[in-house]
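Okay, structure first, notes after.
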Amino acid sequence: MADAPAADPEKAGTHGSAGGDDASGGGAVAAVVGRWRRQDLLEKSGSALRAAAWALSLLSFLVMAANEHGDWKQFDHYEEYRYIVAVGLLAFIYTTLQLVRHGVRLTGGQDLQSKAGLLVDFAGDQMMAYLVMSALSAAIPITNRFREGTDSEFTDSSAASISMAFFAFICLALSALISGFKLSKQTYI
């Protein structure tokens, strides 16, 4: 009696069919639930990043559009600053439409087909991220030149708008990565 045989893990599932089915079924259910959680996390994080990009692009647009301090200190005298205003407005409109689209999808409304929707997300996020980066990289040199001569409310507002555009770029770039990941996981059958 002292030497009781050790339980063999391979034979444990063969004693009763119910025990074996529960173990394999539980693993499948856990895998499906895990996949649903990952998909939900990707969906929520993509929406959160777009919402952040929406707010940051709106701030960038508004700060630069309000950057008028008289004489040479008006944003509309400089192409680079007009460019950042235009791209900020475009990014705001794009992210607004994406958030509305996501809201419609959450409420059970009609959305684009799965593959087409993912392509729109990926291409749109990529395009807006590159446009925002282009606009802020065009505005940085002129702001640096102005700051060498004089540091004023005008240059501070310009720098703040550029900073908001940079953070909007980060959000859009991360959103594009998530969209690309979701696109790569699609089946094409």
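The values are calculated or read from the model by the stated rules, or taken from the named source; none is laboratory data. What you are looking at is a predicted structure, and each value in this text was computed from that prediction instead of being measured. Because the Cβ atoms are built from the backbone with ideal geometry, glycine has one as well, and the counts that use them run over all protein chains shown. What goes into the accessible areas is simple: the full protein's heavy atoms, side chains included, and nothing from ligands, DNA or RNA. Shrake-Rupley method; radii C 1.70, N 1.55, O 1.52, S 1.80 Å.
Looking for whichever is aromatic (Phe, Trp, Tyr), farther than 20 Å from ALA66 by Cα and either assigned to a helix (DSSP H, G or I) or assigned by the TED database to the domain that holds GLN98 (or both) here; the options are PHE122, PHE166. Which one fits?
Values: PHE166 fails: farther than 20 Å from ALA66 by Cα.
Sole residue among the options that is aromatic (Phe, Trp, Tyr), farther than 20 Å from ALA66 by Cα and either assigned to a helix (DSSP H, G or I) or assigned by the TED database to the domain that holds GLN98 (or both): PHE122.
Report the residue count in the stretch 137-167 for those that are open to solvent by 10 Å² or more (accessible area, probe 1.4 Å), in contact with a Phe, Trp or Tyr (Cβ under 9 Å, 6 or more places away or on another chain) and touching a residue at least 24 places away in the same chain (Cβ under 8 Å).
Count: 5.
Does the stretch 112-130 contain at least one residue that is in contact (Cβ under 8 Å) with a residue 40 or more places away in the chain, hydrophobic (A, V, I, L, M, F, W, C) and over 30 Å from GLU79 (Cα atoms)?
yes
Taking the options TYR94, TYR130, name whichever one is open to solvent by 60 Å² or more (accessible area, probe 1.4 Å), under 20 Å from LYS182 (Cβ atoms) and either in the same structural domain as ILE178 (by the TED database) or within 17 Å of the chain's Cα centre (by Cα) (or both).
TYR130
Does any residue of the stretch 39-55 turn out to be open to solvent by 60 Å² or more (accessible area, probe 1.4 Å) and touching a helix residue (DSSP H, G or I) at 6+ places or on another chain (Cβ under 7 Å)?
yes
Within the stretch 97-119, take every residue that is among the β-branched types (Val, Ile, Thr) and part of a helix (DSSP H, G or I) and give me the one that is least open to solvent (accessible area, probe 1.4 Å).
The selected residue is VAL104.
Kindly establish whether SER175 is in a helix (DSSP H, G or I) and within 30 Å of ARG38 (Cβ to Cβ).
So SER175 fits the description; yes.
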